[in-house]
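Please read the structure below before turning to the comments.
The values are calculated or read from the model by the stated rules, or taken from the named source; none is laboratory data. All of these numbers come straight from a predicted model, not from anything done at the bench. Here the Cβ is made from the backbone with ideal geometry for all residues, glycine too, and neighbour counts use every protein chain on show. Note: accessible area is taken over every heavy atom of the protein model, side chains too, but ligands, DNA and RNA are not part of it. Shrake-Rupley method; radii C 1.70, N 1.55, O 1.52, S 1.80 Å.
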Amino acid sequence: MDGAEGPMTAPATASVQRRLSVWLSAIIVTVAVVGGAWAFVAAFREAYALQDDVLRQVGAMFDPAHLPSPGNPADAPKVSDKEARVIVQVLPGPDGAVAPGTSAPPLALAPTLVDGMQTARAGKRDYRVWVRTLANGQRIAVAQETAVRNETARDSAIRTLLPFAVLVPILLLALAHVLRKMFAPIKRLAHEVDQRDERQLHAITPEAVPDEVHPFVVAINRLLARVQQSMDAQHRFVADAAHELRTPLSALSLQAERLGQAAMSPDARERLATLRQGIERSRGLLDQLLALARAQEATGVPAGTVSVQRVFRSVLEDLMPLADARRLDVGVTTETDARVHAAELDLFVVVRNLVDNAIRYTPEGGRIDLSVTAEARMVSIAVQDTGPGIPADERARVFDPFYRVLGNDATGSGLGLSIVSTVVRRLGGEVELGDAGGEPSGLRVTVRLPLV
Ligand SMILES: Nc1ncnc2c1ncn2[C@@H]1O[C@H](COP(=O)(O)OP(=O)(O)O)[C@@H](O)[C@H]1O
Ligand SMILES: [Mg+2]
């Protein structure tokens, strides 16, 4: 089934889960980036405005009677960051002269500064400066270094980003988790349907999937029901056809028998014998066809159990004449017994087909061993012979209906192993073809069924 794998693995872009998670993640990240930038700018501006307010308030505290003291660094109040301190000074007059009674100002601010808030350069640094003219005409400047102010504003703005940095990854993880959870029922369902074999056509329970998928599941269920109906009809047709063909064949067989009682030449008698063999072969084929149709039609494992040794005995009773005719040593090699869940007829059909094959394909004088062993949870039933075996590359194909390995002259329908595998699979077991080992090495067929 090479071609079947292709369309089953959908391309990655078709995954709704992947697309949803990519799109939602992109949206979340975009919103977070835009929101973060917005919050950053707003916080930065606010901190900046607040610092301007501080300069204004400090400036408002001075009047002509209380001019700022000349900047003696030793007198300055202690601040945690020297750069961050607010400097207040009297501005020199338009001629550059310092008012009498005041010492040289700490900052070399230009005397041309106008009243109000502005950014000005003093020495090598930029300052934010608030200039105000006092009642006596003197002008004072309240200044703070811009680099420090920016840094402070940036710090407080960055703190507003912290929630974004923490919450966005959490949101993304939560999203991935929720999506995975939402799609889990669909994955589980696909797995369940994948595990089924071709006879498990019962409906899917739509409760297990999201509402959106419901109509799809209902449609699939309707399709499953139609497939089931058509398979039933097909099996019924085969069974009916085989059954219908048996009646005229029996009549034919009877006629041939009657004809055998009439007087005829030895030549005619020989031909009649061939004809009767042909009729018998056809009857055998029809019986096998009927058995296969029945095995395919039946469903479920019966509640009752059956003893494997008991089935061995009835098969041997049935086939002993055939084995004796070919001088084969047929026997059961294990004494223990095991019980399996199966109808007696089902297990009989399985073992009979395997022993029948062994008898047919093992050369005269060979040996056929039947055995049963109970393992941990399975019962192994093995039929082993000293025949030619089946080449490894033919082992998978011999289970196909009507398939026969070329090059043997035994008669058969090619249905025996199909019937065996159909019945065994329905009973929840498996069939394995292996080498018998020993000399000469023949075929070893092992049937494993669940232990009761
Ligand atoms: N015990 C065996 N030893 C050798 N070949 C076997 C044995 N059992 C089955 N085979 C091969 O597998 C083929 C399919 O078996 P089966 O389905 O029973 O059909 P049939 O026996 O009617 O030909 C047979 O034609 C035969 O070639
Ligand atoms: Mg057979």
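Here's a check for you: in region 399-419, which residue that is open to solvent by less than 60 Å² (accessible area, probe 1.4 Å) and within 33 Å of the chain's Cα centre (by Cα) is farthest from ligand 2 (Cβ to nearest atom)?
Phe399
If the Cβ limit is 8 Å and pairs must be 6+ apart or interchain, which residue in region 359-370 that is under 18 Å from Ile390 (Cβ atoms) pairs with which residue that is within 14 Å of ligand 2 (Cβ to nearest atom) and of a type in the set (D, E, K, R)?
Tyr361/Asp385; Thr362/Asp385; Gly366/Asp385; Arg367/Asp385; Ile368/Asp385; Asp369/Asp385
Scan region 296-305 and give yes if some residue there is under 22 Å from Arg199 (Cβ atoms), in a helix (DSSP H, G or I) and either outside the structural domain of Ala251 (by TED's automatic domain parsing) or at pLDDT below 95 (or both), otherwise no.
Yes, region 296-305 contains a residue that is under 22 Å from Arg199 (Cβ atoms), in a helix (DSSP H, G or I) and either outside the structural domain of Ala251 (by TED's automatic domain parsing) or at pLDDT below 95 (or both).
When the residues of region 378-394 are filtered to those that are near ligand 1 (Cβ under 9 Å from one of its atoms) and assigned to a loop (DSSP other than H, G, I, E, B), which remaining residue is least open to solvent (accessible area, probe 1.4 Å)?
Ranking the candidates gives Gly387 first.
Could you list, in sequence order, all residues of region 425-439 that are within 16 Å of ligand 2 (Cβ to nearest atom) and more than 29 Å from the chain's Cα centre (by Cα)?
Residue satisfying the conditions is Leu433 alone.
Considering region 320-355 alone, what residues qualify as being open to solvent by 40 Å² or more (accessible area, probe 1.4 Å) and within 12 Å of ligand 1 (Cβ to nearest atom)?
Hit for region 320-355 is Arg352, nothing else.
Given the residues Ser253, Ser314, Ser282, which is the only one that is in contact with a helix residue (DSSP H, G or I) (Cβ under 7 Å, 6 or more places away or on another chain), among the polar types (S, T, N, Q), assigned by TED's automatic domain parsing to the domain that holds Arg339 and open to solvent by less than 90 Å² (accessible area, probe 1.4 Å)?
It is Ser314.
Give the residues of region 319-361 that are part of a loop (DSSP other than H, G, I, E, B) and of a type outside the set (D, E, K, R), sorted by residue number.
Matches in region 319-361: Leu328, Thr333, Thr334, Thr336, Ala338, Ala342, Ala343.
Taking region 168-189 on its own, how many of its residues are without any contact (Cβ under 8 Å) to a residue 60 or more places away in the chain and more than 29 Å from Ala208 (Cβ to Cβ)?
2
Matching residues to (1) in contact with a Pro (Cβ under 9 Å, 6 or more places away or on another chain); (2) not small (Gly, Ala, Ser):
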{"position": "Leu292", "(1), (2)": "yes, yes"}
{"position": "Ala303", "(1), (2)": "no, no"}
{"position": "Val306", "(1), (2)": "no, yes"}
{"position": "Asp318", "(1), (2)": "no, yes"}
{"position": "Leu347", "(1), (2)": "no, yes"}
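Kindly check whether there is at least one residue in region 141-156 that is open to solvent by 60 Å² or more (accessible area, probe 1.4 Å) and free of Cβ contacts under 8 Å to residues at least 24 places away in the same chain.
Checking region 141-156: at least one residue is open to solvent by 60 Å² or more (accessible area, probe 1.4 Å) and free of Cβ contacts under 8 Å to residues at least 24 places away in the same chain.
For Asp409, state whether it is within 13 Å of ligand 1 (Cβ to nearest atom), over 26 Å from Val238 (Cβ atoms) and not hydroxyl-bearing (Ser, Thr, Tyr).
yes
Could you say whether any residue in region 116-124 is among the polar types (S, T, N, Q) and surrounded by fewer than 12 Cβ atoms within 10 Å (Cβ to Cβ)?
So far as region 116-124 goes, yes, one or more of its residues are among the polar types (S, T, N, Q) and surrounded by fewer than 12 Cβ atoms within 10 Å (Cβ to Cβ).
Here is a list of conditions, (1) over 14 Å from the mean Cα position of the chain (by Cα); (2) open to solvent by less than 70 Å² (accessible area, probe 1.4 Å); (3) not assigned by TED's automatic domain parsing to the domain that holds Ser230, and Ala203 meets all of them except one; can you say which number that is?
Going through (1) over 14 Å from the mean Cα position of the chain (by Cα); (2) open to solvent by less than 70 Å² (accessible area, probe 1.4 Å); (3) not assigned by TED's automatic domain parsing to the domain that holds Ser230 one by one, Ala203 breaks only (3).
Val355 fails exactly one of the following numbered conditions: (1) more than 39 Å from the chain's Cα centre (by Cα); (2) more than 15 Å from ligand 2 (Cβ to nearest atom). What is the number of that condition?
Of (1) more than 39 Å from the chain's Cα centre (by Cα); (2) more than 15 Å from ligand 2 (Cβ to nearest atom), only one is false for Val355: (2).
Which pairs turn up if I take residues in region 30-42 that are farther than 10 Å from Leu161 by Cβ and look for partners that are aromatic (Phe, Trp, Tyr) and open to solvent by 50 Å² or more (accessible area, probe 1.4 Å) with beta carbon separation below 9 Å, at least 6 apart in sequence or on another chain?
Val33/Phe164
Please state which one of Ala374, Ala358 is open to solvent by less than 70 Å² (accessible area, probe 1.4 Å), modelled with pLDDT under 95 and within 18 Å of Val445 (Cα to Cα).
After ruling out the rest, the residue left standing is Ala374.
Looking for whichever is more than 16 Å from Ile87 (Cα to Cα) and assigned by TED's automatic domain parsing to the domain that holds Gln89 here; the options are Gly123, Gly137. Which one fits?
Exactly one of Gly123, Gly137 is more than 16 Å from Ile87 (Cα to Cα) and assigned by TED's automatic domain parsing to the domain that holds Gln89, namely Gly137.
Scan region 412-443 for residues that are in contact (Cβ under 8 Å) with a residue 24 or more places away in the chain, more than 8 Å from ligand 1 (Cβ to nearest atom) and of a type in the set (S, T, N, Q) and jot them down.
Thr422, Ser441, listed by residue number.
Would you call Ala382 touching a residue at least 40 places away in the same chain (Cβ under 8 Å), of a type outside the set (Val, Ile, Thr) and within 16 Å of ligand 2 (Cβ to nearest atom)?
In short, no.
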